[in-house]
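So the structure is just underneath, and the comments pick up after that.
The values are calculated or read from the model by the stated rules, or taken from the named source; none is laboratory data. Predicted model only: the values in this text are computed from it and were never measured. No Cβ is skipped: glycine too gets one built from the backbone with ideal geometry, and neighbour counts run over all protein chains shown. With ligands, DNA and RNA removed, areas are computed over all heavy atoms of the protein, side chains included. Shrake-Rupley method; radii C 1.70, N 1.55, O 1.52, S 1.80 Å.
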Amino acid sequence: MITLTAICGTKTTTRIILILAVALAAMVCLAGGGRAELVQMSNSEMAKIRGHGATNLYIEENTVRLFLDIHMETYGEIDSAKAAYYEKDGQYNWDMNWTDMILGESNDVPLVTDGLVFRAEFDDINASDKQLKRIIIGTNNMDGQISGTFTTTTGAVNPEVVSQSGTEPIVMNRGTDLQAYDALNINDNGFFIDINLDGNSPERGVKTIIGYPESNAINFTFSGTNDWWQ
């Protein structure tokens, strides 16, 4: 069992932690079409469960970052993971539309995640009417395979994830580039979901950045002119 304890010195910090909790719920809801059911575990299965965790929370300028030191091993199926259906460039579509997903290759070869990162960016964190502008959720250390049908994707993928050569990322804006691949193979690298809430920004919507660490993912832009991946 993982126990998380946070000492909140101000109402602002308490609100921020609540926002980050909502962000976690939003990430889980991306798999809204998936199936889940409660199954009673046997005593022998319960005995095999091990866990440890710690938290690190800090505020820098207008950004709040929460790190959870959690180790997870996952093998399972998600029927559908869709996010952000709205009008862009005159067309309605999903920013992310992945179906028939399998996380991990088998019970013996699961998808492994070490550590979870939650970032919340505000326009002015000290203002009484502060506005949440961006949420980033993910990990710097994911290892394993995600397979499925990747109909549309918005964001960027390291070419190594799909066994391609080159150094420049595969950048997509509701793109279909990943349809050519059955699986994403992440080799102990980052996986982040970037939720931009600024309706007036060209970066608005939900982006997925795969195969890059947090330090690169937070600087991602569609233009790529700032060489954010280097």
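Among (1) at pLDDT below 95; (2) assigned to a strand (DSSP E or B); (3) not aromatic (F, W, Y), which single condition is A127 missing?
(2)
Could you please find all residues in region 83-97 being surrounded by fewer than 17 Cβ atoms within 10 Å (Cβ to Cβ) and either assigned to a strand (DSSP E or B) or aromatic (F, W, Y) (or both)?
Passing the criteria: Y85, Y86, E87, K88, Q91, Y92, N93.
Contact list please: Cβ distance under 7 Å, first residue in region 67-87 and more than 16 Å from V112 (Cα to Cα), second residue aromatic (F, W, Y) and open to solvent by 60 Å² or more (accessible area, probe 1.4 Å), pairs at least six apart or on different chains.
Filtered contacts from region 67-87: K82/W94; A83/W94; A84/W94; Y85/Y92; Y85/W94; Y86/Y92.
Any residue that is over 24 Å from W229 (Cβ atoms) and in a loop (DSSP other than H, G, I, E, B) - is there at least one of those in region 131-150?
yes
From the list F222, F118, which residue is in a strand (DSSP E or B), within 19 Å of A84 (Cβ to Cβ) and modelled with pLDDT under 95?
F118
Just to be sure before I move on: is D100 open to solvent by 50 Å² or more (accessible area, probe 1.4 Å) and either at pLDDT 95 or above or part of a strand (DSSP E or B) (or both) in the structure I sent?
Answer is yes for this residue.
So which of R204, R134, R174 is among the basic types (K, R) and modelled with pLDDT under 90?
On the way: R134 fails: modelled with pLDDT under 90; R174 fails: modelled with pLDDT under 90.
Testing whether each residue is among the basic types (K, R) and modelled with pLDDT under 90 leaves just R204.
Answer with yes or no whether D123 is touching a residue at least 24 places away in the same chain (Cβ under 8 Å), surrounded by fewer than 18 Cβ atoms within 10 Å (Cβ to Cβ) and touching a His at 6+ places or on another chain (Cβ under 9 Å). Give the derivation first.
On the way: touching a residue at least 24 places away in the same chain (Cβ under 8 Å): yes; surrounded by fewer than 18 Cβ atoms within 10 Å (Cβ to Cβ): yes; touching a His at 6+ places or on another chain (Cβ under 9 Å): no.
It is false that D123 is touching a residue at least 24 places away in the same chain (Cβ under 8 Å), surrounded by fewer than 18 Cβ atoms within 10 Å (Cβ to Cβ) and touching a His at 6+ places or on another chain (Cβ under 9 Å).
Kindly check whether there is at least one residue in region 191-204 that is open to solvent by less than 20 Å² (accessible area, probe 1.4 Å) and more than 14 Å from N140 (Cα to Cα).
For region 191-204, residues open to solvent by less than 20 Å² (accessible area, probe 1.4 Å) and more than 14 Å from N140 (Cα to Cα): absent.
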